[in-house]
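The structure appears below as C-alpha cells.
Each reported figure results from applying straightforward, stated rules to the coordinates on display, with no laboratory input. What you see is a predicted model, and the numbers here were worked out from it, not measured in a lab. Ideal geometry is used to build each Cβ from the backbone, glycine not excepted, and the neighbour counts take in all protein chains shown.
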Amino acid sequence: MTENQHPASMKDLAIIDDPSTIKILFEPTRAEIVFKYLVNNAMTVKQLADALDKNPGTILHHIDKLKKAGLVVQERTEATVTGIVQRYYRATAREYRLGLSGMMQADNGVAQFAKKRLESMISALSVYGIEIPEEEAEDAIAILQPLIERENKVSASLPIRDQKVYRQLSESVQKDASRIMRRYVLDKDTEYQVLREKWHSFLRNHEQEKQRK
C-alpha cells in the first residue's frame, strides 16, 4: 500500500549561500547523505543507515538538520505489509552549488576554503596553456568570482515546469537537458555576457601561445 503525497517541487540547481547552511553541509555524513544519495533517489532512514553503515538514530538526526535547512524533504510514505510506515526522503534539488559570497562571509575556515578553491581553479588553467602570474591571482579572482556567481544565479532560476515527467527521466538525460537549457538562458543574459567577455579577455592576455608570438 502506498500513500501518495505532494512534495515540494524539485529544482534543477540550487545555490547554497547562507553561511549557516554551508556549515551544516561541512559535516561529512550530512554532505554524503545529500550529494551522494538523495540528489539521485528517495531513500528511507534505514536505507541510508545501511548504505553509510551508521545507526538509524544518527541518520534521522542528520535528516532533521537537513530538513530544517530546506535541503531535504519527505517525498512520500509507504506502509509495509506489517503496517510499518516508511518515510522516503529526497533532496530538494538535483544539483547544489555553494555560493561564493556566502562562503566568504562565513567563519575563517569556510572563507579560506572558498578562496583556496578559486585560487586552485586559476592555477589549474596552466595545464591548458593559460599562465597567470602569482601577482595577478587577485585580479583573476576579482573577475572570476562575479562571473561564477552570475552563472549560478541565472542557472538556478531555470524552472522545471513538468515535475512529473522530470522525475521519470534518467539521471543522464536530466543532466543533458539541464546542460542545454543552462547554456540557453546564460546566452540570453546580458550581465553574464559582459562578465564572460571580461574574463575571456583576461584569459586571452595570458595564453602561452599568444605570448610566444
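If I take R0 = 25 Å and measure r between the Cβ atoms of E191 and R167 in this structure, what FRET efficiency does the formula 1/(1 + (r/R0)^6) give, to the nearest 0.05?
E(calc), rounded to 0.05, equals 0.20.
Relative contact order of the chain: what whole-number percent is it, with Cα pairs under 8 angstrom and at least 6 residues apart?
Working: 254 pairs, mean separation 53.2, N = 213.
Once divided by the residue count of the chain, the mean separation gives 25 percent.
If you bin the C-alpha pair distances of segment 104-212 every 5 Å from 0, what whole percents do you get?
It works out to 2, 10, 16, 16, 16, 16, 12, 8, 3, 1, 0, in whole percents.
Label 7 Å along Cα→Cβ of F35; segment 101-135 residues with amide nitrogen under 13 Å?
114, 117, by backbone N distance to the label point.
Can you tell me the Rg and Dmax of segment 2-96, counting just the alpha carbons, in angstroms?
13.2, 43
When only C-alpha pairs under 8 Å and at least 6 residues apart count, what is the relative contact order of segment 2-96, in percent?
For segment 2-96, the relative contact order is 45 percent.
Return one number: the angle in degrees, 0 to 90 and rounded to the nearest 10, between the long axis of the Cα atoms of helix 56-68 and the longest principal axis of the Cα atoms of the chain.
The helix 56-68 is inclined about 60 degrees to the chain.
Can you give me the Rg/Rh ratio for the chain, using Cα atoms for both radii and the Kirkwood formula for Rh?
1.05
Pulled fully out, how much extra length does the chain show between Y184 and W199, if you take 0.36 nm times their separation in residues and subtract their Cα-Cα distance?
Taking 0.36 nm per residue and subtracting the Cα distance, the gain is 3.5 nm.
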